[in-house]
Amino acid sequence: MQALVARYGGPITALMIFTSLVWVLGLLLLPQLTMIDYSFRPALPLAEIGGPKDVYTLENYTFLFGNAGFLTIFAKTIWSSILVTIAAFAICYPLAYYLARGTSIGRARLLIVALIIPYWINEILRTFAWMLILARGGLINMALMELGVIDQPIVFLGQTPTIVLGMVYAYVLFMVFPIYNVLDTLDKAQVEAARDLGAPWWCIHWRIALPHAKPGIAVGCISTFMLAAGSYAVPTILGGPQSRWFTEVIYSQFFEGMNWNRGAAFAFLLLLVCVTFIVIMMRLFRVSLGEVAK
Amino acid sequence: MNRLSSRVILRSFILLYLVAFFAYLFLPLLYMSAAAFNQSRFPATVPWQGFTLEWFDALLNDSMLWSSLGNSLLVGAGVVALSVPIGLNAALLLHLLQKRVRTLAYGVMVSPILMPGVILGISTLVFWRGFDVGGGWHLAVLAQTTFIASYCMMMFQARLQRLDPTWEEAALDLGASHFQVMRRIMLPFLAPTAIGAAVIAFLQSFENYNTTLFVYGSDRTLTIYLAGKVRVGLTPAVNALSVIFILLTVAAAVLFEWRRRAEARPAARPVPAKASLGRAAPVPAE
Amino acid sequence: MSIGESVHLENVTMRFGDFTAVDDVSLEIEAGEFFSFLGPSGCGKTTILRMISGFNEPSAGRVLIGGRDMRGSGPNRRPTALIFQNLALFPLMPVWENVAFGLEMRGMARSARRRRAEELLDLVALGNAGDKRVADLSGGQRQRVAIARALAVEPKVMLLDEPLSALDLKLRQHMRAELRAIQKRTGVTFIYITHDQGEALTMSDRIAVMSRGRLEQVARPDAVYNEPATPFAASFVGEANIFQGRVVGLSAEEVEIETDLGRMRARNGGDLRQGDRAMLFVRPERSSIALGGDGGRIEAELVEMEFEGSFINLRLRAPNRQPIMVQMANDGGLGEMARMASVPVSFAARAAIALPEGELAHQ
């Protein structure tokens, strides 16, 4: 504290602390706490807020766990997001390794620029593209019917696997770059030494490249899982009533059910799921928060 | 088993994989874009019914589109105005905090980018209801700033790691006041990063969907409008809008990358700077 | 130009947590003096500099400049200017703005400070470099810009933190002379930090030898070299042959010491008494290959001869395998020595100094 004042002087230090507090407290922590507070209160008409009925309760949470429909959606959202994460990792790892170690710097740079462009394109548009492809009269159905493989269009939209597919497409690049960034720092000599010692290629990955990539894998997985579990665009564009996502349930609590307290409880649960996932990944990959949030 | 031939097989495997990956990445976008020029009443490229620009025409007369664009610019400007100074101040503060405090403060400050965007939108909405403030462009600014300031903070922090602390000391030693050190030494040093942070902040804001969804009230932003169009208003005008979006993003991406590359000339390998809708974006460690 | 001011350190101590970087140092540096702190890295010399310039406040004791207590005055309120080890030139400003920075901070008008910057650049022989970028200058030129920038604020005390260490040998020697000349011309008090004894010996009016946060000796360069006050000072500055033993005889000025290599005599440099453990130091150039010498005589084996032109270094080994070095003038007749099985090394008692046993410098 004294060091701060000595370094920047009183007024500047005061300003720095002020804006940081406004941000951390006013924009982040207090709203989060308010949301949590909401989640433990009953939904009451305006007149009764602050009245005798306005007491802390777990009813918003017990409601979810007593409602098979919502509970299924909650579980399915978590499970599918894990699937998205695994699939994205499987697709990405070879690419990330290829970019970092398998090719010349020049070509890697070219490919990376090519990756950046779709990476920057809005998630909604990327999902919309798949909607057109998978629609009843979309590219795939037209092609299959033309070829005579099917004579009735297949209904892709509204199915959970379609959403998983769409999410893998939408979030795959959030897995590539973190892994690429750490693999890029892998010493080439290590790989060559292992090869020289007779290690087969899978062994090189298992014993050298993958352990080195751990922080990047953790970041990629956390990002992808969080994006998938918190996605609203993909399930609304590619999904239907049969494939509802937990975010859609939350949204409807706020803007259709007008039950903000229950919505807040659901949102808090979603947050807890993500925090749990982050903690698990950090434990699993033995990385610190500092490395994750880099 | 011949070693050479197994290498050849591996190589062709890799090539196949690369081709498949990039096709997977680009073909859907191309397919969607092509539909914008098809005369078909529905957004589709097959069957092709002839080239047209009428869907772009339709956009010009879409007043909702233009008003939502206005809202996006307004929100974006607000987010830039808030998150760049907040991020700057937070980075300067972290720069001097003791290690233990710094780790904690850093963890809190980056936590918004590890949270689902909907949570930030919801908590902002709920919090401001306590002050009788409903959804609207101003809440969108606040909710987005919560996490976009984290990105700005991280960018400034990366830059500050390259700050030579003796510059500040030399200035003080030559009689500069703390304010003068800030104005003559720190801010000129951080200025390029501030520009980069402003660009990133604006793009993040412009593209944001999840957080804005809960707080926009009736001030629909372009992304919200686009999402609505995609879900309901099915004419190829959506594709025309998509094409414009894509072109703008590509232009912005290329421009920004080029600028960033020019700035970091000695750095050999490109590390993608990230701004996109999903917010777990790995920001470039400069 | 300004005239220098004195700097007094009164029982100055600086602690960082459990570590004591500077331990109860008292010292008076006179106005207009060229004063050096000499010691190995980590000895506390940079900390002293930072306390004088105001970047650190002492944990105990006080710093006075020109007789005024500096407690509570930040670096921007002290009549000092610091030249940093890495120079700390501002890379985003052209050379002249760097030089004029202090004047800008004092509110001088732009045209006036530009003029002043050009004068100072002329002074350091960089007349045409005002509009160049710092990055385009050579190491020596940057050095001069840093000096000009510090001089611009007309400091009473100039503090220099190993500013020559980044330069190559030749430039370093040239800059020594230049720094000394600037100091003479301006009359500013120079306080110079270095681990390079050559710099300290050639430039300084006085030197403080430091080790582990304490002053070992404060004296003129020749006195530090010829009359070292502690084993550390004797072994850190210059080369020395060191013999350890116990005091067995005392006379008015001299002591007699019993060592592994026989009895030796030397000046009593540290109030030695009968029976004390002592260390005897003798410089290589004051040792000779001769049978005489009333200080000591050792039959040594020649290991190596280094021919340096005007003089020759002989590396020898005593019977107890201790290395001994002798430096002698090149008189042309050395061929035979290489063939000798053993060489007599001797020195005069007044050429050697005996000190109470203590810590040596690691070199």
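Taking region C:15-32, which residues are surrounded by fewer than 18 Cβ atoms within 10 Å (Cβ to Cβ) and assigned to a loop (DSSP other than H, G, I, E, B)?
Within region C:15-32, C:17, C:18, C:30, C:31 qualify.
Being assigned to a helix (DSSP H, G or I), among the small types (Gly, Ala, Ser), in contact with a helix residue (DSSP H, G or I) (Cβ under 9 Å, 6 or more places away or on another chain) and crowded, with 17+ Cβ neighbours inside 10 Å: is that true of residue C:88 here?
no
Which members of region B:137-167 meet the condition of being in contact with a Phe, Trp or Tyr (Cβ under 9 Å, 6 or more places away or on another chain), assigned to a helix (DSSP H, G or I) and within 25 Å of residue C:51 (Cβ to Cβ)?
Within region B:137-167, B:166, B:167 qualify.
Quick grid of which residues meet (1) hydroxyl-bearing (Ser, Thr, Tyr); (2) touching a residue at least 40 places away in the same chain (Cβ under 8 Å); (3) surrounded by fewer than 24 Cβ atoms within 10 Å (Cβ to Cβ):
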{"residue": "A:225", "(1), (2), (3)": "no, yes, no"}
{"residue": "A:246", "(1), (2), (3)": "no, yes, no"}
{"residue": "A:251", "(1), (2), (3)": "yes, no, yes"}
{"residue": "A:255", "(1), (2), (3)": "no, no, yes"}
{"residue": "A:270", "(1), (2), (3)": "no, yes, no"}
{"residue": "A:276", "(1), (2), (3)": "yes, no, yes"}
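Report yes if some residue within region C:72-82 is out of contact with any helix residue (DSSP H, G or I) (no Cβ under 8 Å at 6 or more places or on another chain) and of a type in the set (Lys, Arg); otherwise report no.
Scanning region C:72-82 turns up at least one residue that is out of contact with any helix residue (DSSP H, G or I) (no Cβ under 8 Å at 6 or more places or on another chain) and of a type in the set (Lys, Arg).
Does residue A:231 fit the bill of being closer than 18 Å to residue B:230 by Cβ and touching a residue at least 40 places away in the same chain (Cβ under 8 Å)?
yes
Among the helices (runs of 4 or more DSSP H) confined wholly to region A:175-294, which include 3 or more residues that are at pLDDT below 85?
Helices (runs of 4 or more DSSP H) meeting the threshold: A:188-196, A:201-204, A:289-292.
Check region C:204-214 and report whether any residue there is at pLDDT 85 or above, surrounded by fewer than 24 Cβ atoms within 10 Å (Cβ to Cβ) and touching a Leu at 6+ places or on another chain (Cβ under 7 Å).
The answer is no, given that none of the residues of region C:204-214 is at pLDDT 85 or above, surrounded by fewer than 24 Cβ atoms within 10 Å (Cβ to Cβ) and touching a Leu at 6+ places or on another chain (Cβ under 7 Å).
Given (1) assigned to a helix (DSSP H, G or I); (2) touching a residue at least 12 places away in the same chain (Cβ under 8 Å); (3) within 10 Å of chain B (Cβ to nearest Cβ), where does residue A:137 come up short, assuming only one miss?
Looking at each condition in turn, residue A:137 falls short on (1).
Name the one entry in A:20, A:80 that is more than 30 Å from residue A:233 (Cβ to Cβ) and surrounded by 14 or more Cβ atoms within 10 Å (Cβ to Cβ).
A:20
Could you list, in sequence order, all residues of region C:41-68 that are within 14 Å of another protein chain (Cβ to nearest Cβ), on the phi < 0 side of the Ramachandran plot and not in a helix (DSSP H, G or I)?
Across region C:41-68, the qualifying residues are C:55, C:56, C:57, C:59, C:65.
Return the pair list, or none, for Cβ contacts closer than 7 Å from residues in region C:39-51 that are within 16 Å of residue C:19 (Cα to Cα) to residues that are assigned to a helix (DSSP H, G or I), at least 6 apart or on different chains.
As it stands, the answer is none, since no pair meets every condition given.
Test each condition in (1) in contact (Cβ under 8 Å) with a residue 40 or more places away in the chain; (2) surrounded by fewer than 24 Cβ atoms within 10 Å (Cβ to Cβ) for residue A:185 and report the one that comes out false.
(1)
Condition check: in the same structural domain as residue C:122 (by TED's automatic domain parsing), outside any strand (DSSP E or B) and surrounded by fewer than 17 Cβ atoms within 10 Å (Cβ to Cβ). Does residue C:71 satisfy that?
Criteria met by residue C:71.
Which of the residues belonging to region A:84-111 are over 20 Å from residue A:208 (Cα atoms), among the hydrophobic types (A, V, I, L, M, F, W, C) and surrounded by 16 or more Cβ atoms within 10 Å (Cβ to Cβ)?
Residues satisfying the conditions are A:84, A:87, A:88, A:108, A:111.
Name the single residue that is modelled with the lowest pLDDT among those in region B:221-255 being surrounded by fewer than 22 Cβ atoms within 10 Å (Cβ to Cβ) and in a loop (DSSP other than H, G, I, E, B).
The residue in question is B:233.
With the checklist (1) touching a helix residue (DSSP H, G or I) at 6+ places or on another chain (Cβ under 7 Å); (2) surrounded by 19 or more Cβ atoms within 10 Å (Cβ to Cβ); (3) more than 9 Å from chain B (Cβ to nearest Cβ); (4) in a helix (DSSP H, G or I) in hand, flag the one item residue A:156 doesn't pass.
(4)
In the set C:297, C:350, which member is under 20 Å from residue C:224 (Cα atoms), basic (Lys, Arg) and not in a loop (DSSP other than H, G, I, E, B)?
Being under 20 Å from residue C:224 (Cα atoms), basic (Lys, Arg) and not in a loop (DSSP other than H, G, I, E, B) holds for just one of C:297, C:350, which is C:350.
Within region C:307-324, identify whether any single residue is in a strand (DSSP E or B) and at pLDDT below 85, and answer yes or no.
Within region C:307-324, one or more residues are in a strand (DSSP E or B) and at pLDDT below 85.
Conditions tested, residue by residue: (1) in contact with a Leu (Cβ under 7 Å, 6 or more places away or on another chain); (2) without any contact (Cβ under 8 Å) to a residue 24 or more places away in the chain; (3) within 22 Å of residue C:55 (Cβ to Cβ); (4) within 14 Å of chain B (Cβ to nearest Cβ).
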| site | (1), (2), (3), (4) |
| --- | --- |
| C:107 | no, yes, no, yes |
| C:114 | no, yes, no, no |
| C:132 | no, no, no, no |
| C:137 | no, no, no, no |
| C:141 | yes, yes, no, no |
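In region C:230-264, which residues are surrounded by 14 or more Cβ atoms within 10 Å (Cβ to Cβ), of a type in the set (Gly, Ala, Ser) and not in a strand (DSSP E or B)?
Scanning region C:230-264 gives C:233, C:234, C:235, C:238, C:240.
If residue A:115 satisfies all but one of (1) under 25 Å from residue B:44 (Cβ atoms); (2) in a helix (DSSP H, G or I), what's the number of the condition it fails?
(1)
Spot the failing condition for residue B:42; the list is (1) in contact (Cβ under 8 Å) with a residue 24 or more places away in the chain; (2) assigned to a helix (DSSP H, G or I); (3) within 8 Å of chain A (Cβ to nearest Cβ), and only one is missed.
Only one criterion in (1) in contact (Cβ under 8 Å) with a residue 24 or more places away in the chain; (2) assigned to a helix (DSSP H, G or I); (3) within 8 Å of chain A (Cβ to nearest Cβ) is unmet by residue B:42, namely (2).
Taking region B:50-72 as the search range and keeping residues that are assigned to a helix (DSSP H, G or I) and free of Cβ contacts under 8 Å to residues at least 60 places away in the same chain, which one is nearest to the chain's Cα centre (by Cα)?
The residue in question is B:70.
Please go through region A:45-94 and give me each residue that is assigned to a loop (DSSP other than H, G, I, E, B) and either touching a residue at least 12 places away in the same chain (Cβ under 8 Å) or more than 18 Å from residue A:266 (Cβ to Cβ) (or both), ordered by number.
Answer for region A:45-94, where residues must be assigned to a loop (DSSP other than H, G, I, E, B) and either touching a residue at least 12 places away in the same chain (Cβ under 8 Å) or more than 18 Å from residue A:266 (Cβ to Cβ) (or both): A:45, A:49, A:50, A:51, A:52, A:53, A:54, A:55, A:56, A:57, A:58.
Limited to region A:27-39, what total is found for residues that are over 12 Å from residue B:130 (Cβ atoms) and at pLDDT 90 or above?
Here the count works out to 5.
Name the single residue that is modelled with the highest pLDDT among those in region C:91-129 being outside any helix (DSSP H, G or I) and surrounded by 20 or more Cβ atoms within 10 Å (Cβ to Cβ).
Looking at residues that are outside any helix (DSSP H, G or I) and surrounded by 20 or more Cβ atoms within 10 Å (Cβ to Cβ), I get C:100.
The values are calculated or read from the model by the stated rules, or taken from the named source; none is laboratory data. All values derive from a computational prediction rather than experimental measurement. When we count neighbours, we look across all protein chains shown, and the Cβ atoms used for this are built from the backbone with ideal geometry, even at glycine.
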